[in-house]
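Enquirer: Below you will find the structure I want to go over with you.
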Amino acid sequence: MIELLYLAASSFLLICVALFIALVFNGIERKLIARMQARIGPPIIQPFIDIKKLFMKENIVPDSAIPWLFNSMPAVALASSLIVLLYIPFAGMPALLQNYGDLILVLYVLLLPSLALAIGAFASGSSFAGIGAQREVVLMMSYEFVLSVVAISLAWLFSLCCPQANAFAFSTITSKPAWLLVGGAGFLGLILLFISSLAVMPAKAGKLPADIGEAKTEIAEGVLVEYSGRNLALLYMAQAVRVLAFASLIVALFLPWNLSSLIAIPEQLSMLADFLFFLVKVFMVMFASSIFVSAVTARLKVDQAARFYIIVVFLLSLLGLLLIGIDILM
Amino acid sequence: MGLGAFKRSLWVFHLNTGSCNGCDIEIIAALTPRYDVERFGIKLVGSPRHADVLLITGPVTRMMKDRLLRVYNQTPDPKVVVVVGNCGATGGVFYESYNLEGPVDRLIPVDIYVPGCPPRPEAIIDAIAKAWAKLEAMEAKK
Ligand code: SF4
């Protein structure tokens with residue numbers, strides 16, 4: 001009983017911290033993109049101001065919508081993107097619910113926000129939202145292949161190095177960096193897998209060049225078109241948290257080092273140091289995969305994006321799997 | 001909450017009701033690095049559902065009348081309407097044209113006018129800043 005309460009309390013704390021971090025990162029992202037375009041940019045706390053304002057606005061439900069579906073989906077999107085953080089190792093600590101779910105569960109739950117967005121858009125009854133939702137689903141189908149290949153390759157590696165443990169569990173995956181388990185070919189394969197999961201980020205996060213589902217200038221914000229007020233604020237937060245969750249997943253899979261195990265740090269400070277180091281890692285992943293990319297690219301068409309993910313990125317990840325296989329079997 | 005909630009976060013929806021595109025380009029100029037309205041939290045959004053400010057250009061042609069009313073009703077409260085350019089305010093160069101339903105204030109309540117044909121970007125930013133003050137005053141009265 002006490003244990004359960006403890007778990008609930010720490011989950012709640014983690015969710016609040018994660019939400020805060022996600023919004024701060026969102027603010028930093030907007031600032032950095034502005035700077036790269038030679039603008040001054042909004043203050044870093046801009047996401048908080050926007051959300052506060054959105055909560056004060058009227059919440060309109062269109063006549064053509066299915067109200068319960070339309071109103072519940074933003075909450076589902078936010079909740080699922082927050083819950084997934086409980087299963088991913090966060091802030092240098094093992095995942096809170098690591099005994100209850102593994103990599104496969106995380107990949108599925110990480111799908112939920114996009115699905116909820118698409119369902120909510122279909123439920124709004126607007127044709128712009130319908131187009132946006134279709135695009136979102138097409139995009140989803142094309143990048144999910146890549147993530148499953150990444151998951152399978154890593155699980156294959158870890159099932160050989162620790163045969164008695166569950167190869168999909170994060171406790172196994174973060175126990176050793178995958179880079180130390182492989183030889184030359186496998187190392188190259190891991191690099192390819194790392195790059196292909198970074199390439200999935202813009203689509204997962206709904207950022208340029210893959211923000212096709214909510215293209216502002218062509219389909220009037222697409223999936224978001226009918227949302228206003230509170231619902232829009234929830235979706236905004238869900239978006240920010242989803243980026244953080246996917247970035248922490250990449251960090252857990254490919255960069256699981258902790259600062260305290262690399263250099264000598266006094267016992268009391270090690271947790272703080274790991275936390276800050278984790279933030280730096282997540283930020284680097286976000287910068288390389290989403291912030292920098294979206295500042296310098298333009299939006300792809302949906303068929304271009306789908307082709308890019310299904311052909312280029314998928315083949316890249318398959319090549320990675322092949323190289324890792326060669327490494328294992330030789 | 002109340003006062004100051006809209007300070008530094010104002011989302012703008014731009015509707016062209018038949019303008020010559022002169023004003024529209026000046027609005028885009030306000031987004032460029034030279035003026036950069038995003039530093040004040042002003043953002044151009046793609047859907048009237050997200051907007052706090054309706055930025056209207058053009059004299060409202062017959063075809064645009066229903067659309068204008070619809071966009072106005074789609075915008076969630078509290079909202080302000082800003083008319084940019086002479087032709088939205090009075091008809092301007094299109095005055096007494098055969099297919100005008102406008103000017104804008106014949107159809108919907110207008111809060112702020114920006115005169116000029118076209119006005120400078122500074123004037124547009126100033127108008128949006130005045131819209132802030134007005135929204136805050138509206139919130140304070142409630
Ligand atoms: S006010 Fe002048 S510049 Fe602006 S839309 Fe009207 S005619 Fe064009």
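Enquirer: In deg cm²/dmol, rounded to 500, what helix-only [θ] at 222 nm does chain A give when every DSSP H run of at least 4 residues adds -39500 (n - 2.57) and the total is split over its residues? It would help to have the intermediate numbers written out before the result.
Expert: Values: 14 runs with 224 residues, N = 330.
That calculation yields -22500 deg cm²/dmol at 222 nm.
Enquirer: To the nearest whole number, what is the average tally of beta carbon atoms from other chains within 10 Å of the beta carbons of peptide B:42-54?
Expert: For peptide B:42-54, the averaged partner shielding equals 6.
Enquirer: Projected onto the charge dipole of the stretch B:10-141 (+1 at Lys/Arg Cβ, -1 at Asp/Glu Cβ, origin at the Cα centre), which of B:A123, B:Y113, B:F13 gives the Cα projection farthest towards the positive end?
Expert: Checking the options against the dipole of the stretch B:10-141, the answer is B:F13.
Enquirer: Please list the helices of chain A that count as membrane-span-like by this rule: a mean Kyte-Doolittle hydropathy of at least 0.0 together with Cα atoms stretching 30 Å or more along the helix axis, each helix being a complete DSSP H run.
Expert: Helices meeting the span and hydropathy rule in chain A are A:2-36, A:103-124, A:127-161, A:184-205, A:229-254.
Enquirer: Counting Lys and Arg as +1 and Asp and Glu as -1, each charge on the Cβ, what is the dipole of chain A about the Cα centre in debye, to the nearest 20?
Expert: 680
Enquirer: If you take the charge dipole of the stretch A:128-218 about its Cα centre, with +1 on Lys and Arg Cβ and -1 on Asp and Glu Cβ, which of A:S197, A:A169, A:L139 is farthest toward its positive end?
Expert: Result: A:A169.
Enquirer: Here's a follow-up. Of A:I49, A:L5, A:A79, which is farthest towards the positive pole of the stretch A:1-121's charge dipole, taken about the Cα centre with +1 and -1 on the beta-carbons of Lys, Arg and Asp, Glu respectively?
Expert: A:I49
Enquirer: Select from A:I60, A:I119, A:I44 the residue whose mean-square fluctuation is largest in a Gaussian network model of chain A (Cα-Cα springs shorter than 10 Å).
Expert: Of A:I60, A:I119, A:I44, the most mobile in the Gaussian network model is A:I60.
Enquirer: List the relative contact order of the stretch A:87-185 as a percent without decimals, with contacts defined as Cα pairs under 8 Å and 6+ residues apart.
Expert: Once normalised by length, the contact order is 27 percent.
Enquirer: Something else about it: Going down the table (A:K31/A:K207; A:K207/A:K281; A:K281/B:K43; A:K176/A:K204; B:K43/B:K134; A:K301/B:K79), which pairs top 25 Å between alpha carbons?
Expert: Values: A:K31/A:K207 15 Å; A:K207/A:K281 20 Å; A:K281/B:K43 30 Å; A:K176/A:K204 27 Å; B:K43/B:K134 18 Å; A:K301/B:K79 34 Å.
Check vs 25 Å cut-off fails for A:K281/B:K43; A:K176/A:K204; A:K301/B:K79.
Enquirer: Of all trypsin sites (Lys or Arg not before Pro) in the stretch A:274-330, which ones are in loop regions per DSSP and have a Cβ with at most 15 other Cβ atoms within 10 Å?
Expert: Hits after loop and neighbour filter: A:K301.
Enquirer: Also, I was wondering about something else. May I ask you to compute the full-extension gain from A:L180 to A:W257, defined as 0.36 nm times their residue separation minus their alpha-carbon distance, rounded to one decimal in nm?
Expert: 26.6 nm
Enquirer: For the stretch B:5-84, run through the trypsin sites (Lys or Arg not before Pro) and keep only the ones in DSSP coil with at most 16 other Cβ atoms within 10 Å of their Cβ.
Expert: Details: sites: B:K7, B:R8, B:R34, B:R39, B:K43, B:R49, B:R62, B:K65, B:R67, B:R70, B:K79; in loops: B:K7, B:R8, B:R34, B:R62, B:K79.
Sites meeting the loop and neighbour criteria: B:K7, B:R34, B:R62.
Enquirer: Take every Cα pair under 8 Å in the stretch A:2-329 that's 6+ residues apart, average their separations, divide by the length, and report that relative contact order as a whole percent. Kindly include the intermediate steps, with their values, before the conclusion.
Expert: Working: 504 pairs, mean separation 87.5, N = 328.
About 27 percent, as a whole number.
Enquirer: Enumerate the helices in chain B for which the Kyte-Doolittle hydropathy averages 0.0 or more and the C-alpha atoms extend at least 20 Å along the helix's axis, using complete DSSP H runs.
Expert: Both cut-offs are met by B:121-141.
Enquirer: Run through all the Cα pairs of the stretch B:10-141 and give the fraction in each 5 Å bin from 0, expressed as whole percent.
Expert: Histogram of Cα-Cα distances, whole percents per bin: 2, 11, 23, 25, 21, 12, 5, 1, 0.
Enquirer: Please report, largest first and rounded to whole Å, the three semi-axes of the ellipsoid equivalent to the stretch A:2-329, where each semi-axis is the square root of five times an eigenvalue of the C-alpha gyration tensor.
Expert: Working from the Cα gyration tensor, I get semi-axes of 32, 24, 19 Å.
Enquirer: Follow-up. Treating only the Cβ of Lys, Arg, Asp and Glu as charged (+1, +1, -1, -1), what charge dipole size does the stretch B:34-142 show about its Cα centre? Round to the nearest 20 debye.
Expert: For this selection, approximately 200 debye.
Enquirer: Something else: Give the residue list of GluC sites (Glu not before Pro) in the stretch B:1-99 that are DSSP loop and have at most 10 other beta-carbon atoms within 10 angstrom.
Expert: Values: sites: B:E26, B:E38, B:E96; in loops: B:E96.
Filter output for the stretch B:1-99: B:E96.
Enquirer: Taking the Cα centre of the stretch A:147-294 as origin, work out the dipole magnitude from +1 charges on Lys and Arg Cβ and -1 charges on Asp and Glu Cβ, in debye rounded to 20.
Expert: 180
Every number here is computed from the coordinates shown, using simple stated rules; none is lab data. This structure is a prediction, so every number in the text was calculated from the model and none was measured. With ideal geometry, Cβ positions are generated from the backbone for all residues, glycine too; neighbour counts draw on all protein chains shown.
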